[in-house]
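Presented below is the structure to which this report refers.
The values are calculated or read from the model by the stated rules, or taken from the named source; none is laboratory data. These numbers come from a predicted model, not from an experiment. Virtual Cβ from ideal backbone geometry, glycine too; neighbours counted across all protein chains shown. Only protein heavy atoms, including side chains, enter the accessible area calculation; ligands, DNA and RNA are left aside. Shrake-Rupley method; radii C 1.70, N 1.55, O 1.52, S 1.80 Å.
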Amino acid sequence: MAGMSRLPSPRVALAILTGLNLLNYVDRYIPAAVLPSLIAGLQLSDAQAGLVQTLFMITYSLVSPVVGILGDRRPRFRMAAIGVLLWSVATFASGLAPTFAVLLVARSLIGVGEASYTVVTPSLLSDFYPAAQRGRVLAIFYAAIPIGTALSYGIGGQIGARLGWRWAFFVAGAPGIALALALLFLRDPERGAMDVAKPATGQRIPISELLKRQSWLLNTIAQTIYTFAMGGLAVWMPTYFVRVRGLRADIATTAFGGVLLAAGFLGTLLGGRFGDRLAARRSDGHFLIAGAALCLSLPFTLLAILSPSPAIFWPSMFVTLTLLFVCTGPLNAAMANVLPAELRARGFAINTFAIHVFGDAASPILIGLVSDRVGLGPPVLATGTLMFVAGLVLLLGRRALARDLGHVT
């Protein structure tokens, strides 16, 4: 296999990895797209329904540090290929689950597969592109998040309404089984090839070095708060529109998916482009644009959740999602740029572990538990306001980012 592999061009690598990341998020959010029918079909409580996503995220988070260690030592394209194959097979198998317990096992295996892919891919892309372009490149890569999530809602909403929730899993899981083979024929670029400071041959940097980069820590804290809110709302918002606003399930999932697609794509690309431009003029630019966007989202989030009128809550949802996705590229670029190549996969892995264990692994089941007692409205509203807190952390951490970037260069 090694003799058959070839090094792809940067654009080819970006296109392939972005396409598979899109599929990653289709598979991740299929349960949210069919949640009302899944609850009815397996006779689940809201807490059990939240546990489906929570258990997936716990497994995903626990595996991520292990993948990060291997990603700094092993061929990353090969690890990604194994991850894609595993998550795709497990997604297909989710549709066959006869009981809630079997479904939980399948979703846990999806967490293992997705961790094996998503942890190593930012490190791979950082070795194809220089620091000045990483915000835009990672924005393109992470634009797959809203697109894939929106497609998941569209596929789940329409297929689930016509053929049942099991067929949504079948349709989502099948493509990745074939596409995983493409990654096996790709060769990794040289580690640190695009960094200003070249790594010393055979150099091993201890993981304790992460704590010396305060901006990495603040970035992780802000992303944890952000991910708690985004993950919880991504799971429960379609159901919120069904229960609280009285929409039909297929209309709620399709409309929410459409708004997410347009806003997420626009916000992610805007954040990548203008984040890099601002960072070229001032070293704290990536934190500044992300923090400001998160803080500005608060009034639109409140309107999207509290207003009973579709003429208000759908446009407000579009604005708030656009602002939320602005921070995707800048925050990942800021993290990649302050970490040396030999530490980058582990840095992203620990970040992934933290933001998911304390973020979207916790929020779906917590929202479900509160919803079982007081209804879905209050926990959704409280979760939505947390974006403002994440923005404040980033704005207060701008000096740390400037200082850490000065040490790298």
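A few remarks follow.
- Of the two radii for the stretch 321-409, the radius of gyration is 1.07 times the Kirkwood radius, both from the alpha carbons; that is the Rg over Rh value.
- Computed over every Cα-Cα pair of the stretch 267-377 and binned at 5 Å starting from 0, the pair-distance distribution P(r) comes out as 2, 11, 14, 15, 20, 16, 10, 7, 4, 1, 0 percent.
- Computed Rg/Rh of the chain, alpha carbon atoms with Kirkwood Rh: 0.96
- Label-zone membership for the stretch 51-76, site residue 101, 7 angstrom Cα→C-beta point, backbone N under 19 Å: 51-53, 55-56
- Residues whose amide H falls under 5 Å from that of residue 186, counting only those 5 or more places apart or on a different chain, are 6, with hydrogens built in the peptide plane.
- Per residue, the chain exposes 38 Å² of accessible surface when a 1.4 Å probe is rolled over the protein heavy atoms with every protein chain present.
- The Cα atoms of the stretch 137-183 define a convex hull whose projected area, averaged across directions, is 3.8 nm².
- The stretch 3-151 gives an Rg/Rh value of 1.02, both radii derived from C-alpha positions and Rh following Kirkwood.
- Alpha carbon convex hull of the stretch 206-297, projected area averaged over orientations, nm²: 7.9
- Only helical runs count toward this figure. For the chain, summing -39,500 (n - 2.57) over DSSP H runs of n ≥ 4 and dividing by all residues gives -26000 deg cm²/dmol at 222 nm.
- Highest-MSF residue in the chain out of 334, 361, 13 [GNM, Cα springs under 10 Å]: 13
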